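The values are calculated or read from the model by the stated rules, or taken from the named source; none is laboratory data. Keep in mind that this is a model prediction, so the values were computed, not measured. As a convention, Cβ positions derive from the backbone with ideal geometry for all residues, glycine included, and neighbour counts pool all protein chains shown.
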Amino acid sequence: MAGPRDPAERCSCRNTDCVERPLRRLFEGLASGVAACPWPFVLVPLLLSGGLGAGFLYLPQREANDIEEQFTPTWGPAKAERDFVRRHFPPNDSERFSAQRLPTEGAYAALIAAATNGSSVLDPAAWADVLRLNATVHDAEYERLCARTADGCASPNALLSRLGDAGPPAPGSLRFPVNGGDFLGTALGGVETDGGRVLRARALKLVYYLREDGPEAQDSRRWLESFLRDISSKVADLRLGSIQVTYFTSLSRQQEFEGNTKSVVPLFSITYYLTITFAVISCLRLSCIRNNTWLACCGVLSSGLAVLSSFGLMLFCGVPFVVTVANAPFLILGVGVDDMFIMIASWEQSLRKKEKSNVKSLLAETYAEAALSVTITTLTDVLAFFIGTWTAFPSVRSFCLYTGTAFVFCYIYTMTFLGAVLVLNHKREQGNRHWLTCMRVDVDKDQAENSCLYNACCIGSCSRQPSQPEGEHPMTVFFKKYYGPFVTNKWIKLLMVLLYGAYLGGSVYGCTQIREGIDLRNLANDDSYVIPYYDDDEKYFSTYGPRVMVVITESVGYWNESVRLDIESCAQNLENISYVDKTLSESWLRAYTELAPRASININSKTDFLNGLTILFRILPSFEWDINKTQDEIEASRFFIQTVNVTSAVDEKNLLNQLREAAKQCSIPLLVYHPAFIYYDQYLVIVQNTVQNVLIAAGAMLVVSLLLIPNPLCCLWVTFAIASVIVGVAGFMTFWDVNLDSISMINLVICIGFSVDFSAHISYAFVTSGESSANERAIEALSLLGYPVVQGAVSTILGVVVLAAANTYIFRTFFKIMFLTFNLLMAVPQRELFTLNPPLGVKCNPFTPPSSPVPSEQPLATDNCTLVMGFVPPSFGNGN
């Protein structure tokens, strides 16, 4: 039996060593295989990417850009409520159309005619223009396809149905909002009244509904497409001098949303160019042999292969491709380049330490140093994305699946393809071959004797000078000699604390002001025709909101007076909500109760109650559509309430919550429904989903950091850094006009993974420093990791910066949040470092700084036991 283990060994096994040491051996074995035979590791990723890339053939079938399906909660209550309404109150738009009774938005084209120069749309000249506009749209084809009532085509406007082609109503002749049984709240906008009578109105809305059931459904869609194609030219031909026209259809929002992906495709080529340029400049060397230009290009290519492979695989597997997924390549490219910098920097460290070693030894040490770092950062990012799939929004799930899988491929290709390229590049250098032409360079000749081609392509000396080591990078010197001493000055630290406090205070305030939910206008391009329509609709027609169905979902005894009183009590509770105008409610039961005495109907008798409904339907035919009646039961019925002043996302959320709460408290089984509630449902889950994903992801990141950093107090600072970055990003979203919606929720999950990458490495370098004072530790941490933090952040920001030029909210939002994330990441961890005292319970003996070779077995003394120094963050971009 083996004897008791050494205390130091037991302690190391309780920390990262038990995980880190087997990983090192695994990476060293992989490195030996890559170094021994590099070409398969170059060719297999290329062939694999080509094969998986064939999945893009399925892209047209996998596109899933249905707004309702992707940007509303999967199990939203309004979807079940809509199904109930459809079953019990099926629409019939070929005979008895009623817009307020539709379970969906319907198929329609809408026009808003706004009077010019501040005049009234009811002036004779403007009214004449409205009639000409209506005659242009109301053509023979529309007459064939229009949604119909008993009187013919459903009128596009309540005033037109009453006045026909006659002149405009005289000032004061109309009542508002109800005139002779016609509701004008959604027909006239910008109304000025005197004693309830209309003096003037700034706008008029025309809505042309078409049939969407039966064989005419496809013809209706084609008519709407033709309407969108021709309406601009038709309006221009009419030369309407008294009105301005904006337009919209039931297809518009979806069509404009689907066009967003095409608008961002050209930006990806710009991103690729910027990223390659940055990578080449970062890897540039003043030697025609040691120049790493091709190495940088292959690193960027590795990220491109990862995108091709992962997207192709997901398309093969049938994962829906949503427009938000088009953001992913920009992010993956930046992160992949960051991993490339780590590998190249570690490789150059190995070269400086083992200039004469063989390639297997060099690559094994490179993998042992860098692969663990890349593994940890990849693990945190992949965890963040796959945790993000636990959401109610399909668009978020698709984005996280595509991006998380891409990060896995990016990691695999970095460990194989890029490693093999490092080997091949080293063999070129060993052969003294030119970086561009791969021709041998004669180092004994003077540079001036080289050919014109060499003089044109070479930068600096062509001599390889293998015995001369490459010096420290200028940025490392800057952080060590200038920036580090500057920020560790006591007055600067005090200023940083004050600035950090102001930052946290502003962030917390911003979090309290954050706006929830996606504004549907943001799904269209900035220059889309739907934006002016939304603006006019909000400006002139925002007073009256959705007309809400209140459905009694079960069979109840309406002929029982106590039941009727309960129903009336429930209706009054709903009408007492501040967002409801009780004077505009419409109830068949109230009308029937008032009619019964005049028609001598005994509504307290079940038989008389049911038989007497025919009299009600003869007087008020539309009420027949509000009762689902069998011979001896009323299975379900509905009435309507009118909402008002629902002008913001907060109003929409409050309205939905108050209506559902009132319905829940009713003794009669009720549901409240409007097609807009499908989108309002996002307010019920967006905060809950975001907090849930952030907490779970942060917990997973904490576990990863505990494995990475062998000190609990340091992990506490990492967790605090993550929390402060999340609060900062969420808070500053408010100041940058970004709502908390399914799009921004993606980015909040992303920034958790990135928060660990930088803060963990910086905190680790600080804690394990051998310097005696906190200031010296901070300077050493900055000299080691200051440039890598900047370099990694810049590479990722370059990956998304072109999205700032996108004319679409979805892509601009992605840029804004990623920009905030990386700016905060570069600031927050450093601020914590400079005010952090040496951790309690840890006493560090001097040891070889991580910037120089550190044996993996070198111990760090503590007051408890010896911690084995496993992971040393590599420095980036050293050399000339």
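Below, the figures for the structure above:
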| item | result |
| --- | --- |
| Pairs, first farther than 23 Å from GLU192 by Cβ and in contact (Cβ under 8 Å) with a residue 60 or more places away in the chain in the range 529-543, second in a helix (DSSP H, G or I) and acidic (Asp, Glu), C-beta under 7 Å, six or more apart | VAL530/GLU256 |
| Residue in the range 712-731 that is under 16 Å from the mean Cα position of the chain (by Cα), under 13 Å from GLY517 (Cα atoms), buried (at least 18 other Cβ atoms within 10 Å of the Cβ) and not polar (S, T, N, Q) present | no |
| Residue within the range 480-495 that is closer than 30 Å to VAL685 by Cα and either in contact with a strand residue (DSSP E or B) (Cβ under 9 Å, 6 or more places away or on another chain) or surrounded by fewer than 17 Cβ atoms within 10 Å (Cβ to Cβ) (or both) present | no |
| Selection within the range 235-270 - of a type in the set (Gly, Ala, Ser) and either buried (at least 19 other Cβ atoms within 10 Å of the Cβ) or under 29 Å from ALA126 (Cβ atoms) (or both) | ALA236, GLY241, SER242, SER250, SER252 |
| Breaking point among (1) under 20 Å from PHE278 (Cβ atoms); (2) buried (at least 24 other Cβ atoms within 10 Å of the Cβ), for VAL374 | (2) |
| Pairs with Cβ under 8 Å, 6+ apart, first in the range 810-833 and surrounded by fewer than 24 Cβ atoms within 10 Å (Cβ to Cβ), second modelled with pLDDT under 65 | none |
| Tally, over the range 57-75, of residues that are of a type in the set (S, T, N, Q) and in a helix (DSSP H, G or I) | 2 |
| Out of GLN642, GLN692, GLN665, sole residue that is at negative phi and buried (at least 20 other Cβ atoms within 10 Å of the Cβ) | GLN642 |
| Flag if LEU159 is out of contact with any helix residue (DSSP H, G or I) (no Cβ under 8 Å at 6 or more places or on another chain), under 24 Å from LYS582 (Cα atoms) and outside any strand (DSSP E or B) | yes |
| Enumeration of residues in the range 293-326 that are more than 18 Å from SER49 (Cβ to Cβ), part of a helix (DSSP H, G or I), under 23 Å from the mean Cα position of the chain (by Cα) and not β-branched (Val, Ile, Thr) | ALA326 |
| Criterion (assigned to a helix (DSSP H, G or I), surrounded by fewer than 22 Cβ atoms within 10 Å (Cβ to Cβ) and touching a residue at least 60 places away in the same chain (Cβ under 8 Å)) met by exactly one of ALA78, ALA110, ALA54 | ALA54 |
| When residues of the range 460-501 are limited to those that are of a type in the set (Ser, Thr, Tyr) and in a helix (DSSP H, G or I), the one modelled with the lowest pLDDT | THR476 |
| Qualifying residues in the range 81-107 (those that are hydrophobic (A, V, I, L, M, F, W, C) and surrounded by fewer than 21 Cβ atoms within 10 Å (Cβ to Cβ)) - the one nearest to LYS234 (Cα to Cα) | ALA99 |
| Count - residues of the range 248-262 that are closer than 19 Å to PHE811 by Cα and in a helix (DSSP H, G or I) | 9 |
| Single match in SER173, SER232 (criterion: out of contact with any Ser or Thr (no Cβ under 6 Å at 6 or more places or on another chain), of a type outside the set (Phe, Trp, Tyr), touching a residue at least 12 places away in the same chain (Cβ under 8 Å) and loosely packed, with under 12 Cβ neighbours inside 10 Å) | SER173 |
| ALA392 being surrounded by fewer than 23 Cβ atoms within 10 Å (Cβ to Cβ) and out of contact with any strand residue (DSSP E or B) (no Cβ under 7 Å at 6 or more places or on another chain) | yes |
| Matching residues, the range 736-757, being modelled with pLDDT of 75 or more and either in contact with a Lys or Arg (Cβ under 8 Å, 6 or more places away or on another chain) or more than 22 Å from GLN688 (Cα to Cα) (or both) | TRP736, VAL738, ASN739, LEU740 |
| All positions within the range 153-170 that are farther than 19 Å from ALA115 by Cβ and surrounded by 15 or more Cβ atoms within 10 Å (Cβ to Cβ) | CYS153, ALA154, SER155, SER161, ARG162 |
| Boolean, SER562 is over 23 Å from GLN100 (Cβ atoms), among the small types (Gly, Ala, Ser) and part of a helix (DSSP H, G or I) | yes |
| Any hit, the range 640-648, residues being among the aromatic types (Phe, Trp, Tyr), under 19 Å from TRP559 (Cβ atoms) and in the same structural domain as ILE567 (by TED's automatic domain parsing) | no |
| Selected residue (criterion: farthest from ALA115 (Cα to Cα)) from residues of the range 136-152 that are more than 43 Å from the chain's Cα centre (by Cα) and of a type in the set (A, V, I, L, M) | ALA150 |
| Residues (under 42 Å from the mean Cα position of the chain (by Cα) and in a helix (DSSP H, G or I)) located in the range 115-132 | THR116, ASN117, GLY118, VAL130 |
| Residue in the range 546-564 that is among the small types (Gly, Ala, Ser) and touching a Phe, Trp or Tyr at 6+ places or on another chain (Cβ under 7 Å) present | no |
| Some residue of the range 55-64 being touching a Pro at 6+ places or on another chain (Cβ under 7 Å) and of a type outside the set (A, V, I, L, M) | yes |
| The one condition in (1) more than 22 Å from PHE227 (Cβ to Cβ); (2) out of contact with any helix residue (DSSP H, G or I) (no Cβ under 7 Å at 6 or more places or on another chain) that CYS146 fails to fulfil | (1) |
| Sole exception among (1) out of contact with any Phe, Trp or Tyr (no Cβ under 8 Å at 6 or more places or on another chain); (2) at pLDDT below 85; (3) not basic (Lys, Arg) for GLU20, by number | (1) |
